[in-house]
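Here the structure is laid out as structure tokens; the discussion comes afterwards.
Only the coordinates and a few stated rules stand behind these numbers; no lab work does. Quantities reported herein were computed from a predicted structural model and do not represent experimental measurements. So basically every Cβ, Gly included, is an ideal-geometry build from the backbone, and we count neighbours across all protein chains shown.
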Amino acid sequence: MARAQETYGKKEREKKRLKKREVKAKKKAERQANAVSGQSLEDMLVYVDENGHFTDTPPDPTKKVKVDAESIVLGIPKKEDQEEEDPIRNGKVSFFDTSKGFGFIIDTENNEKYFVHVSGLIDQIEENDKVAFELERGMKGMNAVRVKKI
């Protein structure tokens, strides 16, 4: 009868398995030894103060702020509640290439730069012209459309 062969690889795997088991048992014994027993629930609680920081002391009831639930607005305000903004804006043509058919307009109110294409023009424009225009969302941002020379 042949006996089971114990190869070098089998021995090494068995050693690793036993070593893992020993390490796990040591960690378990260490946790049990360091466990703080006898602590009350009050000692384990954490509170949040009025500034949002964690503390071990309960919050001061005198600093409590009463919030009226009716004053809280949920969601986005409706469009009719907002002021209607004038859709026509004024600006100055900073760059316009007639051969390629596009350019840029700088808004006089907020100094934003808007792209303008020849298809959005009502009048012919050149650089440094004062213009009135409307904004429309394009594929890459806001575009100036219905551009008129002032």
Long-range amide H contacts for T108: which residues qualify at under 5 Å (H placed 1.01 Å from N, peptide plane, sequence gap of 5 or more or a different chain)?
N90, G91, K92
Per DSSP, loop GluC sites (Glu not before Pro) in segment 91-150 with at most 15 further Cβ within 10 Å
E109, E112, E126, E127
Name the longest site-free stretch of the chain, where the excluded sites are trypsin sites (Lys or Arg not before Pro) in a DSSP loop with no more than 11 other beta-carbon atoms within 10 Å.
4-63
Which loop-located chymotrypsin sites (Phe, Trp or Tyr not before Pro) does segment 65-150 contain, where loop means any DSSP state but H, G, I, E or B and the Cβ has at most 10 other Cβ atoms within 10 Å?
none
Equivalent-ellipsoid semi-axes (√(5λ), Cα gyration tensor) for the chain, whole Å, largest first?
72, 38, 13
Using only Cα atoms and rounding to the nearest 10 degrees, what angle (0 to 90) does helix 8-34 make with the longest principal axis of the chain?
80
Relative contact order of the chain, pairs being alpha-carbon contacts under 8 Å that are 6 or more residues apart, as %:
13
Hey, can you grab everything whose amide H is under 5 Å from the amide H of E127? Only 5+ residues off in sequence or another chain; H modelled, so Pro and N-termini drop out.
F96
Which value, in debye to the nearest 20, gives the size of the charge dipole of the chain about its Cα centre, when Lys and Arg are +1 and Asp and Glu are -1 at the Cβ?
2600
Just subtract the alpha-carbon distance of E112 and V67 from 0.36 nm times their residue separation and send over the number in nm, one decimal.
12.2 nm
Can you work out ³J(HN,Hα) from phi for every residue in segment 58-67, in order, using Karplus 6.51 cos²θ - 1.76 cosθ + 1.60 and θ = phi - 60°, giving whole Hz and x for Gly and Pro?
x, x, 7, x, 6, 8, 5, 9, 8, 10
Pulled fully out, how much extra length does the chain show between M142 and S119, if you take 0.36 nm times their separation in residues and subtract their Cα-Cα distance?
6.8 nm
